[in-house]
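The values are calculated or read from the model by the stated rules, or taken from the named source; none is laboratory data. If you're wondering where the values come from, they're calculated on a predicted model, not measured in any experiment. Positions of Cβ are backbone-derived with ideal geometry, glycine not excepted, and every protein chain shown enters the neighbour counts. Heads up: the accessible areas ignore ligands, DNA and RNA and are worked out on the full protein's heavy atoms, side chains in. Shrake-Rupley method; radii C 1.70, N 1.55, O 1.52, S 1.80 Å.
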Amino acid sequence: MKNISRLEFIKTSGSALATASIAPLFSLGNSKKAASSDTVTIGLIGCRSMGFGDLVNALKVDGVTCHSLCDVDRTVLEEKGAEVEQMTGEKPVLYKDYRRMLEDDDLDAVIVGTPDHWHCLNTVHALEAGKHVYVEKPLANSIAEIDVIKKAASYHGKVVQVGQQQRSGKHWQKVVGIVQSGGIGKIRHVNIWGNFGYGSGPDKVKDTPVPEGVEYDMWLGPAPERPFNRNRFHGSWRFFWDYGGGLQTDWGAHLLDVALWAMNVDGPPLMVQSSGGIFSGQNKAIEMADTQTTTYNFENFNMVWQLNGGLETGPFNRNYGVSFVGNKGTLVADREGWEIIPEKSGDDSPVIEPVALQKAVGSNHEVHAANFIDCIRNGGQPNCPVEAGHLAAYYTHLGNISYRANKQLEWDEEGQLIHEETFSDFIKPEYRAPWTFPEV
Ligand SMILES: NC(=O)c1ccc[n+]([C@@H]2O[C@H](COP(=O)([O-])OP(=O)(O)OC[C@H]3O[C@@H](n4cnc5c(N)ncnc54)[C@H](O)[C@@H]3O)[C@@H](O)[C@H]2O)c1
């Protein structure tokens, strides 16, 4: 990495170096085996759950090797390092500071599996360092951050795959094809729902000392300083605004993506209105609503996204899903498959043939990871390019902004959010020093 963008990267993140320990946790001699031209070397930032799953899927592709892992929790890092060694026979280099990982010229690509508040810095810095990026959804934790990631991706011209793996799913592609080809007639309404037991937040617990081996300041990163609380940490951080957006952005990024994709949406809606609250009656550790309905109005259809944290049942006997309501029938889909329920004509006969449940086969995750590697090797647009990740995240954030500001959002004819300044607190987070908001 001897080019200008690397120098630029060091300059922009230099102030942070003073506070963070920069050596790899365990140096295995940073000179990993020279890669063949077809080898793709991957590093993983944020190893505990989904990121590791993404790495395992990438390693299933021939010629992909795990170069390094980075995590701020030493226990996670050591455990995952041992798992990779057992799987591949090679020890990855272990880092606790992702910026040191990005300095290695032998590294081709990174997977970003950190909590949402880190996605922007991890991704932009990786692009500046010349790496391809697979970044988990939602693209980032605010509209300003997703905007800057999109700009960085276009500026640096590297492959960016966003972890909305439905885009690689054959049955989702089929669903989108049916909707777009008019198979169920003109669509007037899209209904999206997500009812998840975990979605009302974890039980409250008291603050405690930071667990042994955790670089808590580096876990917080650009987010405000807080005492350590287990609920705000591994796995359940998404219920706190500093790090995530609750079910709205968690499952919203997946399900709204499918709806926006099928309905060919590529810009803002006419209006967004979101309301809700803690209506479950539960007293959990959660800052957002456990019950929330967001309505997006378009010129020719409405889209409604409804979530109920703490529940596990829902419409069409599915706890989550998307239904496209057309003049000829309703298409219902989730990760298990899809079906069509026909409309009835005057004599009660179906307007179109019903389609019984068509079961999904295979793993969308595996295909998605393989597609990322294929784009690195052969070029081409990934199945979920940054624009699609940006759009889905944008829509999820709009819902939370409307909910938090208790206001309806509207756009003018030029597509400009009216009274945007009113929402600025929710659009761009203030980064905690020494971290600075990236400029592209
Ligand atoms: N595509 C999907 O279906 C799917 C499913 C689940 C989660 N996700 C996404 O994956 C991401 C991770 O979620 P998770 O459930 O795995 O979270 P998690 O809390 O289980 O794991 C996050 C890991 O990141 C580490 N981390 C935090 N800050 C770090 C830093 N600065 N440098 C290095 N490591 C750091 C943590 O220590 C932890 O090990 C989220 O964006 C989430 O929305 C996607």
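Each row is one residue, and each column tells you yes or no for (1) under 30 Å from Gly246 (Cβ atoms); (2) among the acidic types (Asp, Glu); (3) more than 15 Å from the ligand (Cβ to nearest atom).
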| site | (1), (2), (3) |
| --- | --- |
| Val76 | yes, no, no |
| Lys80 | yes, no, no |
| Gly89 | no, no, yes |
| Asp106 | no, yes, yes |
| Thr114 | yes, no, no |
| His119 | yes, no, no |
| Glu136 | yes, yes, no |
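Only a single item in (1) out of contact with any Lys or Arg (no Cβ under 7 Å at 6 or more places or on another chain); (2) closer than 21 Å to Gly199 by Cβ is not met by Lys359, and it is number (2). Here Val361 meets the list (1) open to solvent by 70 Å² or more (accessible area, probe 1.4 Å); (2) without any contact (Cβ under 8 Å) to a residue 40 or more places away in the chain; (3) of a type outside the set (Asp, Glu) almost entirely, failing just condition (2). Of the residues making up the range 167-192, those that are more than 24 Å from the chain's Cα centre (by Cα) and part of a loop (DSSP other than H, G, I, E, B) are Ser181, Gly182, Gly183, Ile184, Gly185, Lys186. Quick one: in the range 47-74, which of the residues that are near the ligand (Cβ under 9 Å from one of its atoms) and open to solvent by 10 Å² or more (accessible area, probe 1.4 Å) is nearest to Glu366 (Cα to Cα)? Filtering the range 47-74 for residues that are near the ligand (Cβ under 9 Å from one of its atoms) and open to solvent by 10 Å² or more (accessible area, probe 1.4 Å), the one nearest to Glu366 (Cα to Cα) comes out as Gly53.
Kindly check whether there is at least one residue in the range 242-253 that is under 30 Å from Glu212 (Cα atoms) and charged (D, E, K, R). Yes - at least one qualifying residue is present in the range 242-253. Please go through the range 138-162 and pick out each residue that is more than 11 Å from the ligand (Cβ to nearest atom) and of a type in the set (A, V, I, L, M, F, W, C). Result: Ile143, Ala144, Ile146, Val148, Ile149, Ala152, Ala153, Val159, Val160.
Here Lys131, Lys137 are screened, and the one residue that is open to solvent by 10 Å² or more (accessible area, probe 1.4 Å) and either touching a residue at least 12 places away in the same chain (Cβ under 8 Å) or not small (Gly, Ala, Ser) (or both) is Lys137.
All of Glu215, Glu136 fail the test of being under 29 Å from Leu311 (Cβ atoms) and either touching a strand residue (DSSP E or B) at 6+ places or on another chain (Cβ under 8 Å) or aromatic (Phe, Trp, Tyr) (or both), apart from Glu136.
The residues on offer are Gly235, Gly244, Gly252, and the sole one that is in a loop (DSSP other than H, G, I, E, B), within 16 Å of the ligand (Cβ to nearest atom) and either among the basic types (Lys, Arg) or buried (at least 21 other Cβ atoms within 10 Å of the Cβ) (or both) is Gly244. Listed conditions (1) in contact with a Phe, Trp or Tyr (Cβ under 7 Å, 6 or more places away or on another chain); (2) at pLDDT 50 or above are all met by Leu55, apart from (1).
Residues in the range 366-388: is at least one part of a helix (DSSP H, G or I), open to solvent by 50 Å² or more (accessible area, probe 1.4 Å) and under 24 Å from Glu339 (Cβ atoms)? Scanning the range 366-388, I find at least one residue that is part of a helix (DSSP H, G or I), open to solvent by 50 Å² or more (accessible area, probe 1.4 Å) and under 24 Å from Glu339 (Cβ atoms), so the answer is yes.
Checking the structure you have, find out if any residue of the range 212-222 is over 20 Å from His119 (Cα atoms) and either open to solvent by 10 Å² or more (accessible area, probe 1.4 Å) or not basic (Lys, Arg) (or both).
Scanning the range 212-222, I find at least one residue that is over 20 Å from His119 (Cα atoms) and either open to solvent by 10 Å² or more (accessible area, probe 1.4 Å) or not basic (Lys, Arg) (or both), so the answer is yes.
Residues in the range 78-101 that are hydrophobic (A, V, I, L, M, F, W, C) and open to solvent by 10 Å² or more (accessible area, probe 1.4 Å) were compared, and the one that is farthest from Asp217 (Cα to Cα) is Met87. Restricting attention to the range 397-418, the residues being closer than 22 Å to Gly276 by Cβ and open to solvent by 70 Å² or more (accessible area, probe 1.4 Å) number 5.
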